[in-house]
Amino acid sequence: SRVASTSCYLVAAAACRPAALPGCRLLLQTSKRLPHCSRICFQRNLATGNSTTTSAAAGVLSETQLGVYLPAPEGLVNAKISAGVDPSLAELGLATSAWPADLVQRTLEWLHCSAELPWWAGITAFVVSARILLFPVMVMHRRNCNLYINALSSQQTQTATLLQAVKSGRMEEAEWLQKQLTDQMHKQTLPLLKRVMACPLLAFLPVFGSTFYALNRLSTSGLPSLESGGAFWFADLTLPDPYLGLPVLSIATTYAMLLTGSEMPQLNKLPGSKFTKTLLFGLPLVALPLAMHFSAAVVYFWSLNNVLSLAQGTLLKRPAVAKALNIPQVNIGRAFSGAGANPLAEFREIFDAKRGSEMPRVMEEQMRNLRDQRQQQQQQQQSSGVSDRKESSGKN
């Protein structure tokens, strides 16, 4: 049966035009899947419109075997686009692999062609479905963020106690507190920080990047339906928003995400220098000119994703929802809540260790000064004791 099926596919390949025969021979020689290659060549023949030879091979292959495997000739694609007919993604050379961006393109094509949704509604349905599927990951991420903030708060309180012990000269207590802080940082704070960073890097960023790239490719592919597949003021999804509504909305929602901590620790509840917070708040503003040049399809996805992230973050902050999902409450210590204070300055000084040494730099300097003062006092006491003994011996 295998030989018979292979011969049938070879008959189909033989029905190709003479100009395509060298390509058929090359495919048949370089591939182990002869039926697959023959089907590709026959489909190429169908795309060229050679009706005199395709009729002989049409009876050999069933209709299910006549799928599109290679892009159609450029002339046929341009003719379809000129007539206002959408060519398939395969004809445009898109969605030809199993990469995430190609899977996103196939899903959006199915929502538009099979489900008969306009492009903006298909993008909305895809983003909402993706956010629902990633909701358990977001719950885990919020749990890790709150644990991380609580660990930093506890560590900052212990850091203030450590500084007081160093300044008052309680050396044994200071060394014990320093050891406790170092152990807590390596066993609790740093592992929590890795978990906080893992969720965006392994879940949110790949989905966002793949969808971003897929929509960018679609908007530049020349699909006629995308030119009228928008809504409201952004009817053309292939061009940038002429009224700048979507870019401004995307940047505004990004700022709201940074303030509320929907997908990262809340900035106003983290110890941080003024430069760090200014940098984080300045990056979205720098991204505004870039958003103005992206197509409306890309920026619409960006804005919609931010809005859904804010909605999920607000839901997870409700005490009843947080308790049901085992999300701990954020406990902010005094060191974090001081108005106008810069808690990271002392925090960084305490844990800014020298290379090759476990003793923090500031503590080492302060302890060295205290030891020098004690040695000077002991030397003065010894010298005064020696002089007293000499005076007493002279009197005797």
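The values are calculated or read from the model by the stated rules, or taken from the named source; none is laboratory data. Predicted model only: the values in this text are computed from it and were never measured. Counting neighbours? That spans all protein chains shown, and the Cβs are built from the backbone with ideal geometry, glycine included.
A compact table of results
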quantity: Test for Leu205: is it of a type outside the set (Asp, Glu), closer than 17 Å to Asn306 by Cβ and either outside any helix (DSSP H, G or I) or touching a strand residue (DSSP E or B) at 6+ places or on another chain (Cβ under 7 Å) (or both); calculated: no
quantity: Count of the stretch 211-241 residues which are part of a helix (DSSP H, G or I) and closer than 17 Å to Asn306 by Cβ; calculated: 3
quantity: Among the residues listed as Phe347, Phe351, Phe336, the single one being aromatic (Phe, Trp, Tyr), over 27 Å from the mean Cα position of the chain (by Cα), closer than 30 Å to Thr253 by Cβ and at pLDDT below 65; calculated: Phe336
quantity: Tally of residues being of a type in the set (Asp, Glu) and not in a helix (DSSP H, G or I) across the stretch 97-134; calculated: 1
quantity: Filter result (out of contact with any Ser or Thr (no Cβ under 7 Å at 6 or more places or on another chain) and surrounded by 14 or more Cβ atoms within 10 Å (Cβ to Cβ)) within the stretch 217-235; calculated: Arg217, Leu218, Ser221, Gly222, Leu223, Pro224, Ser225, Gly229, Gly230, Ala231, Phe234
quantity: Those residues of the stretch 108-132 which are over 21 Å from Val298 (Cβ atoms) and either modelled with pLDDT of 90 or more or touching a Lys or Arg at 6+ places or on another chain (Cβ under 6 Å) (or both), in sequence order; calculated: Ile132
quantity: Flag if Asp102 is buried (at least 16 other Cβ atoms within 10 Å of the Cβ), modelled with pLDDT under 70 and within 22 Å of Leu239 (Cα to Cα); calculated: no
quantity: Within the stretch 252-306, considering residues that are of a type in the set (Ser, Thr, Tyr), closer than 20 Å to Thr238 by Cβ and out of contact with any strand residue (DSSP E or B) (no Cβ under 9 Å at 6 or more places or on another chain), the one modelled with the lowest pLDDT; calculated: Ser295
quantity: Residue match in the stretch 164-173 (condition: basic (Lys, Arg) and at pLDDT 85 or above); calculated: no
quantity: Unmet criterion (only one of (1) more than 30 Å from Leu315 (Cα to Cα); (2) modelled with pLDDT of 75 or more; (3) surrounded by fewer than 18 Cβ atoms within 10 Å (Cβ to Cβ)) for Ala79; calculated: (2)
quantity: Subset of the stretch 289-314 [β-branched (Val, Ile, Thr) and out of contact with any Asp or Glu (no Cβ under 7 Å at 6 or more places or on another chain)]; calculated: Val298, Val307, Thr314
quantity: Matching residues, the stretch 192-210, being surrounded by 14 or more Cβ atoms within 10 Å (Cβ to Cβ) and farther than 30 Å from Thr124 by Cβ; calculated: Leu192, Leu193, Arg195
